[in-house]
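One structure, pasted below without further comment.
Values quoted throughout were computed directly from the atomic coordinates according to the rules given, and no laboratory measurement underlies them. Nothing here was measured: the structure is a model prediction, and the numbers come from that model. Neighbour counts run over all protein chains shown; Cβ positions are idealised from the backbone, glycine included.
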Amino acid sequence: MAQNIKKLVQQLSLEEKTRLCGGEDWWHTRAVEGSGIPAVMFSDGPHGLRKQPQHSDHLGINESIKAVCFPTACAFTSSFDRSLIRALGEALGEECQAEDIAVLLGPAVNIKRSPLCGRNFEYMSEDPYLVGEIAAAYINGVQSKHVGTSLKHYAANNQEFRRTTVSAEIDERTLREIYLAGFEAAVKKSQPWTLMCSYNRLNGLHASENPKLLTEILRNEWGFEGFVMSDWFAVNNRAAALKAGLDLEMPYSLGHNDRALFEAVQSGVVPEVLLNIACERILTKVFEYADNRIKAEFDRDKHHALAAQIEKESAVLLKNEVVGGGPLLPLKKDAKIAFIGEYAENPRFQGGGSSHINPHKVSSALEAAKAAGISGISYAKGFPGDSDTAVEEDIAAAVAAAKAADAAVIFAGLPDVFESEGYDRSHIRMPDCQNVLIAAVAEVQPNTVVVLHNGSPVEMPWLDKVPGVLEMYLGGQAVGEAAVSILFGDTNPSGKLAESFPVSLEDNPSHLNFPGDGTTALYREGVFVGYRYYDYKKTKVLFPFGHGLSYTAFTYTNLRLSKTSITDTERLTVTVDVTNTGKIAGKEIVQLYVADKTGTTGRPIRELKGFEKIDLAPGETKTASFTLDKRSFAYYHTGLPGWYCAPGDYEISVAASSRDIRLSARVTLSTGVLLPFHVDLNTTITALLADPRTRDLAQKEIIEKLGGNAKEESGTPAASREEIETRQRHFREFMESPLRYIYMCTPIPYEEIVKLIGRFNGLTN
Ligand code: BGC
């Protein structure tokens, strides 16, 4: 069918075509009777299927089919494991085939600008490189099963407050480097079948009617081949949206926008050829799905096991101090352990809103410990899992249980209402009842571990009092199994943080401007998001980006670069040997950071440009290998406009976290790209001397013509130190002078300067 799509569209009436560009109902595209065009179904996404057979909504209110809730993105991204995430995608693709779902609405890849964003649990990271890699692996996995994905929410949907109307005000460089780069990599590496535009405005214009986003960047620059759909009810003006590049409106508009589009085409406001193109794009994917149905089984138990495996690889061991001669974790299976906190019994494993899954089963830590034959477990509820209500007797019982045991494990975190799609948090504290309980238990039991169930960072006022913290995030329906497996040492933890944990909310770089006044959200921190800010400012954090502990230890040796100097069109291979120096097998996530040492202002201290997760037996050494290219060094230069590598030195570091740099080496980069440079009366001498095109002429016609007094080195042997310093100061001031008044301090007449400007521009243009 695919090859006839153009012809098929030509045979459709204008009404049929406009109807095709809107949804039939909450989840379906439209069929066209008599034409062979079928309707196909979409489903949320991203970490499981939310197929709603009957009453539909986009808030996760009504019942969906029993499905498997995989770890949410905040958790699975911490695995830093491309092949594991591909396996997750493949499983989701199989489920879609089994349930006749053509497009899974995910992955969600918005940058975690603030820990307050209510939807951070669904998002991946504060780092766009990590986002792009993980998103591409997920998409390639799903789409290998002939099912589409919808990369969302494009773009800059970084808060829930007024998400449908707020304007994210972002400068071009920040937009490209931070907020678009993850989308860009995912599009280029995996060609998602569809992309979902966001609700918000970007610099004043709704994302749904933004030609720069939907056409110029997405299609013309990145080469996107699929179709663009709207987020649910994100269309503001249907005609403007189609013209900008929005192909499909979802879900439906009771015919209102279909009519508006029909009239806009009929009256010539929207050229019919654009409508035809939108139909072709939609139908290409509809038929790609319909023509490639595969017999697949939705094996819920098998996928539950995969959910457990993903969570085991994703959980992050944040703290594990030595107590009584050895690290607290792993716990001994024959010890007396008090499990405390309602999440031991009813874990919080997913977030609220459109991604809410109806899980076919949930494994709690209590059940999992029992199933694993760990018999010395006692349980005290300690606090309620769904509110912030402290019950004195519950706290007392928990303290007593902790006292009577060899160790206490507190299953804590955030209740559902604390974080969800639809609203942001107003603080990053855990419920007081939990903080009080943790402090009380730690008081009587030195061997206390806190196991966290949360979608986003929390403040930890009790951190110094507990020797162990295990971050499970919102770990999916098998979270209990995964927690027990790590706590008792059947799994060696290997996840690392995909985001920084600030000491307090006020430390976050977006704090002064988040979430804005309801009309605009000013992204004034620019590219300094997450660790890019904390590392630059040397701000103390609770746990840095990329941090995660293991029950074994790794050393990094022998860092090698394939070259010591490259051009910006060449690739650089970086290798490092990593050895497991401990007694048990483990996995290490080796991170590669690039630091600009060229003197360019406004660049972060270091940026993640590579990672590899390697599996090592005790005593084993393996080589991690990375390939860097132009984008690993470049920043977005608005003057070009485009990606630009400043010539000079760059430091390449391999690291265990953004604050645990193990080895570094330098490479010198050269470029043939010359930045635009227009010389005028306000151009300074320094700028002329800095540019290779104007340097010689400036030297000859300005510097060499300076009178003795103006020359930096012109002191006579008899000149005093003070005289020399004064001359040097004058010289530096002179160098910062614009051409417009140097006739005042040099023998060069004004008319000469004007002529010189012409000569300079002859060289730069
Ligand atoms: C969400 C999307 C979701 C859609 C359909 C919207 O409110 O922003 O992420 O896919 O609803 O449920």
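Quick one: putting +1 on the C-beta of Lys and Arg, -1 on the C-beta of Asp and Glu, what dipole do you get for the stretch 120-257 around its Cα centre, in Debye to the nearest 20? It would help to have the intermediate numbers written out before the result.
On the way: 13 positive and 17 negative charges, 67 e Å.
In debye, rounded to 20, the stretch 120-257 gives about 320.
Would you kindly calculate the translational diffusion coefficient of the stretch 309-543, applying Stokes-Einstein with the Kirkwood radius from alpha carbon pairs, for 4 °C and a viscosity of 1.567 mPa s, and quote it in µm² s⁻¹ without decimals?
Numbers: Rh = 18.4 Å.
It diffuses with D of about 70 µm²/s by this estimate.
Same structure, new question: Where does each of 498-510, 394-406, 670-682, 550-562 land if you order them by average Cβ count within 10 Å, highest first?
Working: 498-510: 21.7, 394-406: 18.7, 670-682: 13.3, 550-562: 16.0.
Top of the packing list down: 498-510, 394-406, 550-562, 670-682.
Let me ask something else about it. So how strong a dipole does the chain carry about its Cα centre when Lys and Arg Cβ are +1 and Asp and Glu Cβ are -1, to the nearest 20 debye?
The calculation lands at about 1560 debye.
Around PHE543, which amide H atoms from residues at least 5 apart in sequence, or from another chain, sit under 5 Å from its own amide H, with H modelled in the peptide plane?
Answer set, sorted by chain and number: PHE501.
In a shell of Cβ-Cβ distance under 14 Å around MET250, excluding MET250 itself, what net charge do Lys and Arg (+1) and Asp and Glu (-1) give?
Numbers: positive: ARG19, ARG30, LYS152, ARG238, LYS285; negative: GLU24, ASP25, ASP44, ASP57, ASP231, ASP247, GLU249, ASP258.
Charge balance near MET250 sits at -3.
Rounded to the nearest 5, what % of the DSSP beta bridges within the chain are antiparallel ones?
Values: 57 of 100 bridges.
Antiparallel bridges: around 55 percent, rounded to the nearest 5.
For LYS17, list the aspartates and glutamates whose Cα falls under 15 Å from its own Cα; do not include residues on the same chain fewer than 8 positions away.
Once the sequence-local aspartates and glutamates are set aside, what remains near LYS17 is GLU33, ASP247, GLU249, ASP258, GLU263, GLU272, GLU280.
What dipole magnitude, in Debye to the nearest 20, does the stretch 685-764 give about its Cα centre under +1 on Lys/Arg Cβ and -1 on Asp/Glu Cβ?
Numbers: 12 positive and 13 negative charges, 41 e Å.
In total the dipole reaches around 200 debye.
Shape call for the stretch 554-670 from the C-alpha gyration tensor, a ≥ b ≥ c root eigenvalues: rounded (a/c under 1.5), prolate (a/b greater than b/c) or oblate?
Numbers: a/c = 2.67, a/b = 2.25, b/c = 1.19.
In terms of gyration-tensor shape, prolate.
Which of PHE626, ALA690, ILE753 sits closest to the plus end of the dipole of the stretch 625-765, meaning its Cα is farthest towards the positive end, when Lys and Arg get +1 and Asp and Glu get -1 on the C-beta?
Farthest towards the positive pole: PHE626.
Let me ask you something else. Between SER35 and SER83, take the C-beta separation as r, use R0 = 35 Å, and let me know the FRET efficiency to the nearest 0.05. Numbers along the way, then the final one.
Details: r = 41 Å, r/R0 = 1.18.
For SER35 and SER83, the calculated efficiency is 0.25.
For the stretch 68-129 and the stretch 332-394, what is the centre-to-centre distance using only Cα atoms, to the nearest Å?
24
Check cross-link reach from LYS295 to the lysines: straight Cα distance under 20 Å, and skip same-chain residues fewer than eight apart.
Cross-link targets: LYS51, LYS66, LYS145, LYS285.
Also, I was wondering about something else. List the residues, sorted by chain then number, that are 5 or more residues from LEU202 or on another chain and whose placed amide H is less than 5 Å from its amide H.
ALA168, ALA207
Taking H as built 1.01 Å from N, whose amide H comes closer than 5 Å to the amide H of SER565, not counting residues under 5 places away?
So SER565 has HN proximity to THR668.
Still on this structure: Each label point is 7 Å from the Cα along the Cα-to-Cβ direction; what then is the distance between the points at ASP25 and ASP299, in nm?
3.2
Determine the sum of side-chain charges near GLY376: Lys and Arg each +1, Asp and Glu each -1, restricted to other residues whose C-beta is under 10 angstrom from that of GLY376.
That works out to +1.
So which lysines pass the test for LYS700, namely a Cα distance under 18 Å, with those fewer than 8 places away in the same chain ruled out?
LYS711, LYS755
In the stretch 554-670, what is the count of Lys pairs whose alpha carbons are under 26 Å apart, counting only pairs at least 8 residues apart or on separate chains?
16
With all pairs of different alpha carbon atoms counted, what Kirkwood hydrodynamic radius in Å does the chain show?
This gives a value of 28.4 Å.
Can you give the net charge of the other residues whose Cβ lies under 14 Å from the Cβ of THR579, counting K and R as +1 and D and E as -1? Can you show the working numbers first?
On the way: positive: LYS583, LYS587, LYS622, ARG662; negative: ASP577, GLU588, ASP615, GLU620.
Taking every Cβ under 14 Å from that of THR579, the sum is 0.
Return THR520, THR564, THR77, THR18 ranked ascending by Cβ neighbour count within 10 Å, so the fewest neighbours appear first. Each step should come with its number before you reach the end.
On the way: THR520 16, THR564 10, THR77 31, THR18 26.
Listed from fewest to most nearby Cβ atoms, that is THR564, THR520, THR18, THR77.
Among LEU414, SER658, PRO71, flag the residue with its Cα farthest along the positive direction of the charge dipole of the chain, charges on Cβ as +1 for Lys/Arg and -1 for Asp/Glu.
Highest projection toward the positive end goes to SER658.
Determine by what factor the alpha-carbon radius of gyration of the stretch 685-764 differs from 2.2 N^0.38 Å, reporting the quotient.
Working: Rg = 13.5 Å, N = 80, 2.2 N^0.38 = 11.6 Å.
Taking N as the residue count of the stretch 685-764, the ratio is 1.16.
By average Cβ neighbour count within 10 Å, what is the ranking of 370-381, 232-243, 433-444 from highest down? Before the final figure, lay out each step's value.
Numbers: 370-381: 15.8, 232-243: 22.1, 433-444: 20.4.
Ranking, from highest mean packing down: 232-243, 433-444, 370-381.
Let me ask something else. Quick one: work out Rg over Rh on the C-alpha atoms of the stretch 43-163, Rh as Kirkwood radius. Please report the intermediate quantities before stating the final value.
Values: Rg = 13.8 Å, Rh = 14.5 Å.
Reported Rg/Rh (Cα atoms, Kirkwood Rh): 0.96.
Run lengths n ≥ 4 of DSSP H only: what is the helix-derived mean residue ellipticity at 222 nm for the chain, with -39500 (n - 2.57) per run over all residues, to the nearest 500?
Computed ellipticity for the chain at 222 nm equals -8000 deg cm²/dmol.
Between ARG729 and THR519, how high is the FRET efficiency from 1/(1 + (r/R0)^6) when r is the Cβ-Cβ distance and R₀ = 35 Å? Nearest 0.05.
Values: r = 48 Å, r/R0 = 1.37.
It comes out at approximately 0.15.
Quick check on packing: order 565-574, 208-217 by the mean number of other C-beta atoms within 10 Å, highest mean leading. Show your work: numbers first, answer last.
Values: 565-574: 16.0, 208-217: 21.8.
Ranking the peptides 565-574, 208-217 by packing returns 208-217, 565-574.
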